[in-house]
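Heads up: the structure comes next, in structure tokens.
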Amino acid sequence: MADSAVPVISTGLQNIYITESKICRVDGENGKLYYRGYSIDTIARNSNYEEVAYLLIYGNLPKRQELEAFRQQLKNEREIPDSIVKLIKESANKADPMDVLRTAVSYLSIYDNETKDQSQESNIRKSIRLISKISSIVAAIGRIRDGFDYVHPDKSLGHTENFLYMLKGRRPAKEELVPVEMMYILQAEHSSNASTFSTIVTGSTLSDIYSAVTSGIATLKGPLHGGADEEALRMMYAIGKPENTEKYIEEALAGKQKIMGFGHRVYKAYDPRARIIKDYLLTLQNHASEEVRNLTKIALIAEKMMIDKLGKSHGIWPNVDFFAGPVYRSADIKLEMFTPMFAASRIAGWSAHMLEYWKDNKLIRPLEYYTGQLDLQYIPIDKR
Ligand code: SDX
């Protein structure tokens with residue numbers, strides 16, 4: 001391209017393909033999602049997080065023995081260094097849990113003597129380590145924020161059951177485990193979303209997986225991305241009562257505010273994950289707490305209004321984050337833990353993408369179209 005020609009600029013890299021991938025297909029037009037070719041409905045109905053993580057990392061569903069071996073590897077990696085527990089104790093009550101998580105994961109790298117080994121085998125081992133330890137770190141952050149002591153992992157428990165055990169200091173009830181397992185499955189992977197992209201950008205320099213995942217965590221934190229689940233619930237709390245919902249949404253939209261948990265860069269239809277989460281929420285109503293029932297009523301009114309106003313006309317539908325809050329509350333999970341738990345699940349997707357991208361690595365280095373001045377005269381500081 002000649003220097004004078006104005007290039008096509010795709011702000012936000014909208015509609016730009018960065019690579020080929022066999023991990024995840026997001027069909028935004030039809031509201032469909034596939035992990036390694038399996039529809040998200042099939043996965044959510046039949047699978048579990050450990051199997052999903054295996055599927056994402058290795059590309060196929062495991063045989064029974066393979067899954068058992070994978071589970072065992074996860075169990076063996078659950079413990080976190082004392083210094084990380086100390087770091088969490090020093091920071092959990094002062095800082096945002098995502099800041100603590102980002103720092104802890106970065107710190108974790110100093111305990112891994114394989115960080116410089118870029119072989120696929122080593123990167124798989126480190127991925128499994130990260131999948132396992134990030135859940136432990138997130139549980140420790142939640143537990144220590146609540147003023148309790150760190151709980152060591154229990155090797156007899158499954159991945160999410162152990163997470164809840166470490167968070168709550170007791171084995172979870174089924175009503176706590178089922179929604180958390182579902183959220184872990186649904187948030188495990190989503191193609192080249194912002195956090196996965198930043199993971200890949202960092203990894204594309206042949207930096208190590210800890211650095212790449214630290215970038216992913218930093219990116220996930222933002223309210224336009226993973227942080228939206230917390231903001232959506234804050235909005236529901238601010239609305240307070242179902243009868244206030246209409247006025248609140250009307251005013252927010254009139255003030256050009258974005259309604260958190262709605263809209264998506266790729267989906268111009270109902271996010272299939274949001275539908276699964278909503279359906280689950282509706283099954284809870286007879287035995288849910290008053291708080292969850294109230295939140296559900298608010299969420300349903302807001303959902304209907306948004307769909308009527310912006311659904312078909314503007315392609316703005318509920319996304320994965322909208323109904324997540326009431327579901328997490330049904331398991332008595334605190335709002336500040338939603339995004340760290342998103343990270344504890346998405347680590348499977350981040351790792352899978354890194355492993356795939358590194359097979360045919362290419363440094364990511366896009367261009368900017370410079371519109372500033374050139375050849376300015378330098379004026380000494382006391383003459384400006
Ligand atoms: C996730 O990419 C992924 O895969 C992410 C994710 C994953 O699993 O990794 O699915 C997880 O991050 C879900 C998204 C969570 N974020 C939110 O819920 C925040 C609220 N949503 C929006 O801010 C927005 O929809 C984005 C950021 C998600 C996507 O927006 P785009 O593609 O950048 O579009 P945009 O912000 O430029 O909006 C286009 C139009 C605007 O109106 P106009 O100026 O054209 O008139 O749509 C409007 C926006 O104002 N709009 C909304 C809206 N989202 C978009 N209006 C009201 N409420 C909203 N939520």
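Results, tabulated for the structure shown:
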{"quantity": "Count of region 114-127 residues which are closer than 17 Å to Pro81 by Cβ and β-branched (Val, Ile, Thr)", "calculated": "1"}
{"quantity": "Leading residue by the ranking (nearest to the ligand (Cβ to nearest atom)) among those in region 268-282 that are of a type outside the set (Lys, Arg), out of contact with any helix residue (DSSP H, G or I) (no Cβ under 7 Å at 6 or more places or on another chain) and within 15 Å of Met183 (Cβ to Cβ)", "calculated": "Asp271"}
{"quantity": "Residue within region 166-187 that is among the basic types (Lys, Arg), within 16 Å of the ligand (Cβ to nearest atom) and surrounded by fewer than 24 Cβ atoms within 10 Å (Cβ to Cβ) present", "calculated": "no"}
{"quantity": "Options Thr196, Thr202; residue that is open to solvent by 10 Å² or more (accessible area, probe 1.4 Å) and of a type in the set (Val, Ile, Thr)", "calculated": "Thr202"}
{"quantity": "Residue that is nearest to Arg365 (Cα to Cα), among those in region 20-57 that are more than 21 Å from the chain's Cα centre (by Cα) and either of a type in the set (A, V, I, L, M) or assigned to a loop (DSSP other than H, G, I, E, B) (or both)", "calculated": "Glu20"}
{"quantity": "Enumeration of residues in region 126-153 that are under 27 Å from Leu355 (Cα atoms) and either among the β-branched types (Val, Ile, Thr) or free of Cβ contacts under 8 Å to residues at least 12 places away in the same chain (or both)", "calculated": "Ile128, Ile131, Ile134, Ile137, Val138"}
{"quantity": "Residue list for region 154-176, restricted to those being at negative phi, without any contact (Cβ under 8 Å) to a residue 40 or more places away in the chain and not basic (Lys, Arg)", "calculated": "Asp154, Ser156, Leu157, Glu161, Tyr165, Met166, Ala173"}
{"quantity": "Selection within region 114-124 - part of a helix (DSSP H, G or I) and either surrounded by fewer than 16 Cβ atoms within 10 Å (Cβ to Cβ) or touching a residue at least 40 places away in the same chain (Cβ under 8 Å) (or both)", "calculated": "Gln120, Glu121, Asn123, Ile124"}
{"quantity": "Candidates Gln14, Gln73, filtered to the one that is assigned by TED's automatic domain parsing to the domain that holds Leu157, in contact (Cβ under 8 Å) with a residue 12 or more places away in the chain, open to solvent by 60 Å² or more (accessible area, probe 1.4 Å) and of a type outside the set (Val, Ile, Thr)", "calculated": "Gln73"}
{"quantity": "Yes/no for Ser156 being surrounded by fewer than 22 Cβ atoms within 10 Å (Cβ to Cβ) and in a helix (DSSP H, G or I)", "calculated": "no"}
{"quantity": "In region 349-369, the residues that are more than 10 Å from the chain's Cα centre (by Cα) and part of a helix (DSSP H, G or I)", "calculated": "Ser351, Ala352, His353, Met354, Leu355, Glu356, Tyr357, Trp358"}
{"quantity": "Residue check, Ser135 assigned to a helix (DSSP H, G or I) and in contact with a His (Cβ under 8 Å, 6 or more places away or on another chain)", "calculated": "yes"}
{"quantity": "Members of region 203-221 found to be free of Cβ contacts under 8 Å to residues at least 40 places away in the same chain and more than 14 Å from the ligand (Cβ to nearest atom), listed by number", "calculated": "Ser207, Ser215"}
{"quantity": "Candidates Arg171, Arg143, filtered to the one that is touching a Phe, Trp or Tyr at 6+ places or on another chain (Cβ under 7 Å), modelled with pLDDT of 95 or more, of a type in the set (Lys, Arg) and not in a helix (DSSP H, G or I)", "calculated": "Arg171"}
{"quantity": "Residue check for Tyr49: open to solvent by 10 Å² or more (accessible area, probe 1.4 Å) and aromatic (Phe, Trp, Tyr)", "calculated": "no"}
{"quantity": "Tally, over region 245-261, of residues that are touching a residue at least 24 places away in the same chain (Cβ under 8 Å) and of a type in the set (S, T, N, Q)", "calculated": "1"}
{"quantity": "Residues located in region 222-251, provided they are within 11 Å of the ligand (Cβ to nearest atom) and under 23 Å from Glu336 (Cα atoms)", "calculated": "Gly222, Pro223, Leu224, His225, Gly226, Gly227, Ala228, Asp229, Glu230, Glu231, Ala232, Met235"}
{"quantity": "Boolean, Lys383 is open to solvent by 80 Å² or more (accessible area, probe 1.4 Å) and modelled with pLDDT under 95", "calculated": "no"}
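Okay, residues lined up against (1) under 23 Å from Ser39 (Cβ atoms); (2) more than 12 Å from the ligand (Cβ to nearest atom); (3) not assigned by TED's automatic domain parsing to the domain that holds Tyr35:
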{"position": "Leu253", "(1), (2), (3)": "no, no, yes"}
{"position": "Gln257", "(1), (2), (3)": "no, no, yes"}
{"position": "Gln285", "(1), (2), (3)": "no, yes, yes"}
{"position": "Val292", "(1), (2), (3)": "no, yes, yes"}
{"position": "Leu300", "(1), (2), (3)": "no, yes, yes"}
{"position": "Leu310", "(1), (2), (3)": "no, no, yes"}
{"position": "Ile316", "(1), (2), (3)": "no, no, yes"}
{"position": "Val320", "(1), (2), (3)": "yes, no, yes"}
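The values are calculated or read from the model by the stated rules, or taken from the named source; none is laboratory data. Since we're looking at a predicted model, the values are computed, not measured. No Cβ is skipped: glycine too gets one built from the backbone with ideal geometry, and neighbour counts run over all protein chains shown. These accessible areas exclude ligands, DNA and RNA; they are computed on the full protein's heavy atoms, side chains included. Shrake-Rupley method; radii C 1.70, N 1.55, O 1.52, S 1.80 Å.
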